[in-house]
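Visitor: Before we start, here is the structure in question, set down as structure tokens.
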Ligand code: GDG
């Protein structure tokens, strides 16, 4: 079997299977982020193909060697829906929902992580660089290091790393830290995440940390160095600019506004339907503004795209019910024959339509209660080639560290959020332009290729 000098390991392969058995490049944060890197490197990608029990041989797709990992229906339940999405996800997002600690889930997580590590060890050439992605695979770095000490191993954590007081709830906290410390570089979205990780390592193992370096003792009495540092992820900004410049997408943006009855202000939310995104808080603020008579449906419509996500995990089923009840109530109370308060779409759209929505929206609402980065904020900014529009951005999203010219909000403060929405709606064009230009400068200067470049450079340096 051919072996690659560069291997990405992620829970999912970067492709989805059509009903007719063909493959399509999949949408979503991580794939969007890594696609340009992979295209250049001609590397291999190890991941699950997205369907239970699917047992496939490795194959090539658009210049990448894909190595599918088979997961049984039970493993998906325990490793993915259970430990990854019902233990780690809520714990790492500040226990917005209660994490569930189940030993059968942990056992499956260990087994599946080992399978990913073995497949990666097989796919990697002598001395190769392996880049492990995200919280589903926290044990892979150490497993891989023990199988293949010749490899250079990076790990990037796309979601927050919580404060020690929360992290320490995890019954398997030591195993998880040991797993991550197997990497030469452990990358995080925010400086605070890297700090939380280093603190957890100090508290659990009493290892020395200095600047971003962690000294990890080895069995033979020597030490190695692991770097824990922030590498804020970004987007392929050029591709959003290109879409935003297309006349048919601009025409579609106009059409969207017309179909909403041409309200003075179109507000937009785009999220996976997830309790971390603060969708309920956003609806509450908007509903109260209508109730208070500060806004009417002729003034403002909120378009909320809530793309379906993790639909078999209980907390998500419940959240969907709550959101849909709230949307129904607000629309029932305030809609007229010609205008709606909230145009709610529990659907996924093509990227072209997303950019048309970004162009149609005067105000973009990113109200996450906790979010690693939030790429939607950056996509909105990149798409605004007209330098208009206002971004409301939660301070609990990683993007807030970079996008200082957004209107910053605390989504728990409903009163503050209402004021911020009114300020955004009323913001003069000149101020919108000033802020948007500065936001765009940041996103265009630091796009996803800079992100991967800086991570991979740090990795190369760390190994040397
Ligand atoms: C995780 C972290 C971190 C959404 N609906 C549709 C659609 N999307 C696209 C967006 C964006 C992506 O999905 C979502 O990325 P986010 O960053 O906003 O959030 P997560 O999915 O939670 O991603 C996050 C990210 O990883 C990367 O590190 O920023 O903090 O939680 O690109 O546009 N795309 C299309 N149709 C949809 O309906 N085409």
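Every read-out reported here was derived from the displayed coordinates using simple, explicitly stated rules and does not represent laboratory data. The structure displayed is predicted, hence computed values, not measured ones. Here the Cβ is made from the backbone with ideal geometry for all residues, glycine too, and neighbour counts use every protein chain on show.
Visitor: Would you mind telling me the antiparallel percentage of the DSSP bridges in the chain, rounded to 5?
Guide: Values: 13 of 61 bridges.
That works out to approximately 20 percent antiparallel.
Visitor: OK, next. Tell me whether the range 243-315 comes out rounded, prolate or oblate; compute the Cα gyration tensor, take square roots of the eigenvalues as a ≥ b ≥ c, and use a/c under 1.5 as the rounded threshold. List each step's numbers first, then the result.
Guide: Details: a/c = 3.06, a/b = 1.17, b/c = 2.62.
Verdict is oblate for the range 243-315.
Visitor: Just check the range 297-351 against the gyration tensor rule for me: Cα atoms, a ≥ b ≥ c as the square roots of the eigenvalues, rounded for a/c under 1.5, and otherwise prolate or oblate depending on whether a/b exceeds b/c. Could the numbers behind the result be given before it?
Guide: Values: a/c = 3.81, a/b = 1.64, b/c = 2.33.
In terms of gyration-tensor shape, oblate.
Visitor: Could you pull out which residues in the range 345-370 have an amide N less than 16 Å from a spot 7 Å beyond the Cα of residue 259, following the Cα-Cβ vector?
Guide: Hits in the range 345-370 for residue 259 at 16 Å: 345-361.
Visitor: For residue 209 and residue 464 in one chain, what is 0.36 nm times their gap in residues minus the Cα-Cα distance, to one decimal in nm?
Guide: Working: separation 255, 0.36 × 255 = 91.80 nm, distance 1.91 nm.
Computed gain between residue 209 and residue 464 is 89.9 nm.
Visitor: I need the calculated FRET efficiency for the pair residue 325 and residue 248, taking r as the beta carbon distance and R₀ as 45 Å, to the nearest 0.05.
Guide: 0.75
Visitor: Just to verify a number: FRET efficiency for residue 450 and residue 333, C-beta to C-beta distance, R0 = 41 Å, to 0.05?
Guide: Working: r = 47 Å, r/R0 = 1.14.
The formula returns an efficiency of 0.30 here.
Visitor: Right, next: Pairing the Cα long axis of helix 29-41 with the longest principal axis of the chain, what angle in degrees results, from 0 to 90 and rounded to the nearest 10?
Guide: 50 degrees
Visitor: Under the rule a/c < 1.5 gives rounded, and otherwise a/b versus b/c splits prolate from oblate, where does the range 387-456 land using the Cα gyration tensor? Numbers along the way, then the final one.
Guide: On the way: a/c = 4.36, a/b = 1.52, b/c = 2.87.
Oblate shape, in that a/c is at least 1.5 and b/c is the bigger or equal ratio.
Visitor: Could you calculate the contour length gain from residue 412 to residue 62, that is, 0.36 nm times the residue separation minus the distance between their Cα atoms, to one decimal place in nm?
Guide: 121.6 nm
Visitor: Tell me the label-point distance for the pair residue 401, residue 314, using the 7 Å Cα-to-Cβ offset, in nm and rounded to one decimal.
Guide: Label at residue 401, label at residue 314, 3.4 nm between them.
Visitor: For the peptides 77-89, 421-433, 119-131, 443-455, what is the packing order when you average, over each peptide's residues, the other Cβ atoms within 10 Å and list the highest mean first? Mind showing how you got there, number by number?
Guide: Values: 77-89: 22.7, 421-433: 15.2, 119-131: 20.9, 443-455: 17.8.
With the highest mean Cβ count within 10 Å placed first, the list reads 77-89, 119-131, 443-455, 421-433.
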